[in-house]
Structure formats: C-alpha cells, structure tokens
Amino acid sequence: MLPSPFPALALGAALFAATAAAQDDRPNIVFVFSDDHAVQAISALGSRVNVTPNIDRLAREGITFRQSFCCNSICGPSRAAILTGLHSHANGFRQNGDRFDGDQQTFPKMLQAAGYATAMIGKWHLSSDPQGFDHWEVLPGQGQYYNPDLLSAKGRRRVEGYCTDVVTDLAIDWLDERVAEGDQPFLLMCQHKAPHRPWLPGPGELELYENVEFPIPETLFDDYEGRGPAAADHAMGIDAHMTFAYDLQIPHGDDERLRRAYDGALKRMTPAQRARWDAAFEAENQAFLDDPPVGAELVKWKYQRYMRNYLRCVAGVDKSLGRILRWLEDQGLEDDTLVVYSSDQGFYLGEHGWFDKRWMYEESMRMPLLARWPARIEPGTNTDALVQNIDYAPTFLELAGLAPKEPMHGRSLVPLFAGGIPSDWRHSLYYHYYESPSEHQVAAHRGVRTDRYKLIHFFEPNRSYWELYDLERDPQEVQSRYDDPELAEVQKQLKAELQRLAERFGAPEVGGG
Ligand code: SGN
Ligand code: CA
C-alpha cells in the first residue's frame, strides 16, 4: 500500500491561499479527450475489434474505471458536465446548439486562478469562447479532419495536416513552452475530433485493417421487439441511414446534403493528401461498384467499411496519446502528472444495427475513463465504482487542493485511486437526454442505472412509457422487464430512486405517466 497520498489536498481551499507557494507538489493534469470513442474499441476495456496500445498503457500503469458513464450522451452536454461537475439542467447546456455560459464555475477557471497554467486545444463545441485558459485554440463547431481551421483569441487560421496530428502538435508545442517558461503546474486539455463522424482516417492509418473482417455484433439485425416504440423509430441505422459517400467514402448515390459535405471534406485536402486518399479506397470501391452486395450482405459490407474507418481514426487518437506519454517521459514529468483518457460519450459499433449515440442504453451511456499517475496510483488498479462525467471537475479540483465554491453534483474520484470503493459511494446514476426532435431521432428520456438494473422513462407526449432492464441477465438490453411481476419490487425501488435523484439534483419535472 502507498502511504496516504493526499494529506495536503485534504486541507481544502481555505488553507490553499496561505500555502500556495509551498504547494507545487500539485500534479500537472493532462486530459486527453476524444469524440465518440466507444468503450468497445479499447482493448483494455475488452475490445473484440482492435488494439489500443497507448490507452492500454494507462490501464496497465494506472487505473481503469470499468463502470464509467455520461449523464447525457451527446457532445456539448458531456463537455459542459465535465467543466462544471453539474448535470445538464443545472449547467444550462442540455443539447448541441445550446450556448455554454462560461461565466459559471468551471474547474479550468478555478485551476487557473489557483496558479495553474491552462490550455485547451482541439474540439470544444460549446459555442461560447473558452474561459479559464491562458491559451486556447479550438476547432470551430465540429471541426474538419483535413487541414482544419482553428479559432483562438487572435482569430481564425487554417493549419495543414490531419486534425488529430495537428491538435497533438499544438498541444506538445504548448507543453514545450511550459517547460521553457516556468515551474507552474499545468492543465492541458487536448481534445480530438476523431473518431467522430464522418470517420475520415489520417494518412498514416489509411491502410490499417485492410482485408480485416471484424466480428459481426449479435444485434446487428435487431428487430427491436421487447422494447417500447422509440428504439425502432431511430434514424441511426447502418442499413437505412448510413450514407455511401459521406459515411463510407464510396460514390454511390446519396443524400444531397451529405454528399456535398463529403465533397467539401475532400476539397480541403492538398493534392498529395487527396492522391493518397484516392489510392487507399480505389480498388475496394471499384470492386463494390462492379458487384454491389444487396440485402443483409450490403449491411455487413457497410458495417465492415464503417469499422475499418472508425478504428483507423481511433488508432490515430491512440498514437497521439502515445506521443504525449513519450513527451512526459522525456521530460521526466511522469511522476508529477495525472494523465486521463476519456471520450465525450459511448457509441454504437453496429450493436442494435446502429451507429451514433444518445440513448441511455449501455453502449452510448458508457464512457471510457482511464488515468495514470505513477506517484499516486498503483499499476493495474481497477474499480467498479459507478462514476460519471460530473465527477471529473471535483476530482481535478481536489488534486489542485481546491474545493468548489458552488456545490457540484459530482464527487471526486480521488478516493477511488486506491482501488477500493468508499462505503458511502453512490449506488445509482441519474441520466437525462433532451435533444428531441433532432438528427437520428432519439426520443427524450431519463432514467436511473444501478450496478445491476436500468430504468428508463420515455416521456414525450406521443412516446410515453417505461423500460426496465436486468443488465446481468440481459446485458444487450433487448427485453424490457417493465411490469414483469418478478421484478415488481425492483421496479418500485428504481422509480423511487429516480425520483430521489431528480429531487436531489433539482431536475425539471417531466411529463408522461
Ligand atoms: C453531427 C453528425 C451526427 C451526430 C451529431 C452530434 N451529423 O450532426 O451524426 O450525431 O453531429 O455529434 S453530420 O452529418 O454532421 O456528421 S456530437 O458528438 O457532436 O454530439
Ligand atoms: Ca461526441
């Protein structure tokens, strides 16, 4: 056992001011974050489809959160929850398109005020300008994969290169300056666009997985029986909604808007990038066009092509993390630095026939979370504590010796670094998805998840019903047990728990019975 690692941190914010100068045993925090990286595509978390050697290194040398979740499975809302430690209704960012109120309490602002050097580089997606960063340079909106534009306080510029590499280069440039300029602890948020749709791989990964056949998920041809009507009413099917050019890089008819978006992405490429791109897809595209598969074979073909490109994007992100880990090693900063890897929500890799996210079902509610800090976390630590993105802000604050001024909904994960679960740790998670109607057509819903059960309430006037899953007996969530007499008591308890959580967090009332 390590000796109690956080004596200084327990002293709290009041003492911080008095001891600031003596406190620079505060760790650096490097937060490497990606967009839409499914837990199923991380080998340390059980992937059947790829290996992620650098993310796995965090697992081997640090802690893996095996039960990690978001509170609202969509981009902006997850980011806002991370910054504030609050559920969506309380931080005001319920759905993409909202504007983040950066005047509220966030952990980067507090770290900056407490003497951390702070930077935010890459995907931000919160509409308002970042606050709390000495340096920020972000992708406008969703950003572009090739030769991305970047916004900073100085304006807009285009940087040649592949987005994941560009973001990593800029992050490392900033880190280099930290070493050159002083001994402040630092917070770096290095946030990638990849592996977000439209899954355009980088030049270095274009040939990866060529000729690899990925295992077909058991629910690729899901019939959505056993659940309420919302699941069947989706618009995120590999079969019906995944387009040829935009999603699969193959000129073969298409939705006009998405076809134009794909053409736009190609037009950004330099001639050399474009030549590599065309060469990588040409032969396989021609084979497809010569003899296009149909029916179930077409769905399987689309799934394979989707997986190859998605996983190529993931490989780029993994490589980026490797570069940052190597930089820390070269600088001798490993012991002083907490490195966290996470992604804004989970994603469907063909499960239930889907891509995209949003649902409270497992693949999209789960969130990768791994962390390494050799000085304080034993190698190979695992925890099954239920954790959520609202916990990140209180964690980073505690590491900086700070306490939130306004209460947060999340709780610091620091006590979990030792591997055990404190006896008063939470037993349930609150979830609420708001973005409806919208792209991909997921009905608004909220619910509660415990270590074994999940209760979901779809509450829109024309889609109002409940689902209940026993995750132990039905890990794929294909048979709701709502109103099953065998689970009557569980159902009652879960409903009461959902009500308790909603009241505790001051969540808005919802309609529906
Ligand atoms: C875009 C994508 C959607 C995706 C949302 C939200 N469409 O709108 O497929 O669900 O982003 O993603 S696209 O045609 O523009 O690619 S999020 O991760 O940013 O929330
Ligand atoms: Ca996302």
Is it the case that Gly447 is outside the structural domain of Gly97 (by TED's automatic domain parsing) and either within 15 Å of ligand 1 (Cβ to nearest atom) or touching a strand residue (DSSP E or B) at 6+ places or on another chain (Cβ under 7 Å) (or both)? yes
Complete set of residues in the stretch 60-108 that are among the polar types (S, T, N, Q) and more than 12 Å from ligand 1 (Cβ to nearest atom): Thr64, Gln67, Ser68, Thr84, Ser88, Asn91, Gln104, Gln105, Thr106
Is it true that Arg372 is basic (Lys, Arg), surrounded by 23 or more Cβ atoms within 10 Å (Cβ to Cβ) and at positive phi? no
Please state which of the following conditions Ala315 fails to meet, knowing it meets all the rest: (1) farther than 30 Å from Val166 by Cα; (2) open to solvent by 10 Å² or more (accessible area, probe 1.4 Å). (1)
Which of the following residues is more than 30 Å from Tyr224 (Cβ to Cβ), out of contact with any Asp or Glu (no Cβ under 9 Å at 6 or more places or on another chain) and among the polar types (S, T, N, Q): Ser412, Ser423? Ser423
Without any contact (Cβ under 8 Å) to a residue 12 or more places away in the chain and not aromatic (Phe, Trp, Tyr): which single residue out of Arg426, Arg473 fits that description? Arg473
Note down all Cβ pairs under 9 Å where the first residue falls in the stretch 400-423 and is within 26 Å of Gln104 (Cα to Cα), the second is among the basic types (Lys, Arg) and in a loop (DSSP other than H, G, I, E, B), and they're at least six residues apart or on different chains. Ala400/Arg26; Gly401/Arg26; Arg411/Arg426; Val414/Arg376
Name every residue in the stretch 63-106 that is part of a loop (DSSP other than H, G, I, E, B), surrounded by 24 or more Cβ atoms within 10 Å (Cβ to Cβ) and within 12 Å of ligand 2 (Cβ to nearest atom), in order of residue number. Cys70, Asn72, Ser73, Ile74
Which members of the stretch 18-62 meet the condition of being modelled with pLDDT under 95 and part of a loop (DSSP other than H, G, I, E, B)? Asp24, Asp25
Given the criterion in contact with a helix residue (DSSP H, G or I) (Cβ under 6 Å, 6 or more places away or on another chain), of a type outside the set (Asp, Glu) and not assigned by TED's automatic domain parsing to the domain that holds Tyr348, identify the matching residue among Arg500, Arg481. Arg481
Please find, within the stretch 116-127, the residue that is farthest from the chain's Cα centre (by Cα) out of those that are within 16 Å of ligand 1 (Cβ to nearest atom) and surrounded by fewer than 23 Cβ atoms within 10 Å (Cβ to Cβ). Ser127
Looking only at the stretch 346-364, and only at residues there that are out of contact with any Lys or Arg (no Cβ under 7 Å at 6 or more places or on another chain) and not in a loop (DSSP other than H, G, I, E, B), the one that is farthest from ligand 2 (Cβ to nearest atom): Gly353
Out of Ser320, Ser343, report the one residue that is within 16 Å of ligand 2 (Cβ to nearest atom) and either on the phi > 0 side of the Ramachandran plot or surrounded by 19 or more Cβ atoms within 10 Å (Cβ to Cβ) (or both). Ser343
The condition of being free of Cβ contacts under 8 Å to residues at least 60 places away in the same chain, under 31 Å from the mean Cα position of the chain (by Cα) and open to solvent by 70 Å² or more (accessible area, probe 1.4 Å) holds, among Arg276, Arg257, Arg305, only for Arg257
Taking the stretch 442-484 only, how many residues are open to solvent by less than 30 Å² (accessible area, probe 1.4 Å) and part of a loop (DSSP other than H, G, I, E, B)? 8
Residue satisfying all of: in the stretch 164-208; modelled with pLDDT under 95 and acidic (Asp, Glu); nearest to Ile82 (Cα to Cα) among these: Asp183
Return only the number of the condition from (1) within 16 Å of ligand 1 (Cβ to nearest atom); (2) in the same structural domain as Thr168 (by TED's automatic domain parsing) that Phe244 does not satisfy. (2)
Identify the residue in the stretch 239-254 that is assigned to a helix (DSSP H, G or I) and not hydroxyl-bearing (Ser, Thr, Tyr) and, among all such residues, is most open to solvent (accessible area, probe 1.4 Å). Phe244
Subset of the stretch 40-62 [surrounded by fewer than 24 Cβ atoms within 10 Å (Cβ to Cβ) and within 16 Å of ligand 2 (Cβ to nearest atom)]: Gln40
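The values are calculated or read from the model by the stated rules, or taken from the named source; none is laboratory data. Just so we're clear, the structure is a prediction, and the values are computed from it rather than from any experiment. Glycine also receives a Cβ, built like all others from the backbone with ideal geometry; neighbour counts cover every protein chain displayed. Ligands, DNA and RNA are excluded from the accessible area calculation, which covers all protein heavy atoms including side chains. Shrake-Rupley method; radii C 1.70, N 1.55, O 1.52, S 1.80 Å.
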